[in-house]
1. Under 23 Å between alpha carbons, and skipping anything fewer than 8 positions from LYS50 in its own chain: which lysines qualify?
2. ASN179 versus THR107, label points 7 Å from Cα toward the beta carbon: distance in nm?
3. Any chance you could run the full-extension gain for ARG139 through ALA125? It's 0.36 nm times the residue separation minus the Cα-Cα distance, nm to one decimal.
4. Rounded to two decimal places and with Rh computed the Kirkwood way over Cα pairs, what is Rg over Rh for the range 132-182?
5. Looking only at the chain, where both bridge partners belong to it, what percent of the DSSP beta bridges are antiparallel (to the nearest 5)?
6. Viscosity 1.306 mPa s, temperature 10 °C: Stokes-Einstein D of the range 79-182 from its Kirkwood Cα radius, in µm² per second?
7. With each pseudo-label sitting 7 Å past Cα toward Cβ, what's the LYS88-ASN32 distance in nm, one decimal?
8. Report Rg/Rh for the range 19-72, rounded to two decimals, where Rg is the Cα radius of gyration and Rh the Kirkwood radius.
Amino acid sequence: MQRRLLLGHPQLAITIGRLCQELIENHENFDNTVILGLQPRGIFFAERIKERLHEITGAEVELGYLDSTFYRDDFRRRDSPKRANETKIDFLIEGKKVILIDDVFYTGRSIRAAMDAMIAYGRPAKVELLVLVERKYSRHVPIKPDYVGQQVNTLDSHKVLVEWKGQGVDDDNIWLITNEEE
């Protein structure tokens, strides 16, 4: 297995800051905006975005966690069922601008499932997608992120691994992993 560093701590902090500036340009004071981090890994990135937005603007943007396990198109096709995570949304999204946040955008299928799951909490005025890494050339459905930290060319045999300090590693890093046998 080979690992190549895509983004390390200093570059990752700069990328998060740039994404927050883009959000500020489009949402100004965030009065009618909420953030939904997609379970399981998008929640760590969503928390970072919320914290950085607060540091820059002082805005308290509501943050929820959304699990789309039961809305996935492959849920019943797996040999062993995928384990669901907690959905935690303590607010209505009816009429709000929703920013869906995930760490890695691959085929678009998990985002499609997340949009289906989100509707159970109301009909938003607008939905935007923010991702840390967009894997190019892998789209299965016509969904495109509005905000992208970094695009990377990958093969199906590659994996993008996002590590956050809060998960027990020493530094925030994003790796491209390639299996040598493939």
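1. The qualifying lysines are LYS88, LYS96, LYS97, LYS126, LYS144, LYS165.
2. Result for the modelled spin labels: 1.6 nm.
3. Roughly 2.5 nm would be gained on extension.
4. Using only Cα positions, Rg/Rh for the range 132-182 is 1.02.
5. Percentage antiparallel, nearest 5: 35.
6. For these conditions, the coefficient is 101 µm²/s.
7. 2.8
8. Reported Rg/Rh (Cα atoms, Kirkwood Rh): 1.02.
The values are calculated or read from the model by the stated rules, or taken from the named source; none is laboratory data. Bear in mind that the values here come from a model prediction, so they are computed numbers and not experimental data. Glycine also receives a Cβ, built like all others from the backbone with ideal geometry; neighbour counts cover every protein chain displayed. Side chains included, ligands, DNA and RNA excluded: accessible areas come from the protein's heavy atoms. Shrake-Rupley method; radii C 1.70, N 1.55, O 1.52, S 1.80 Å.
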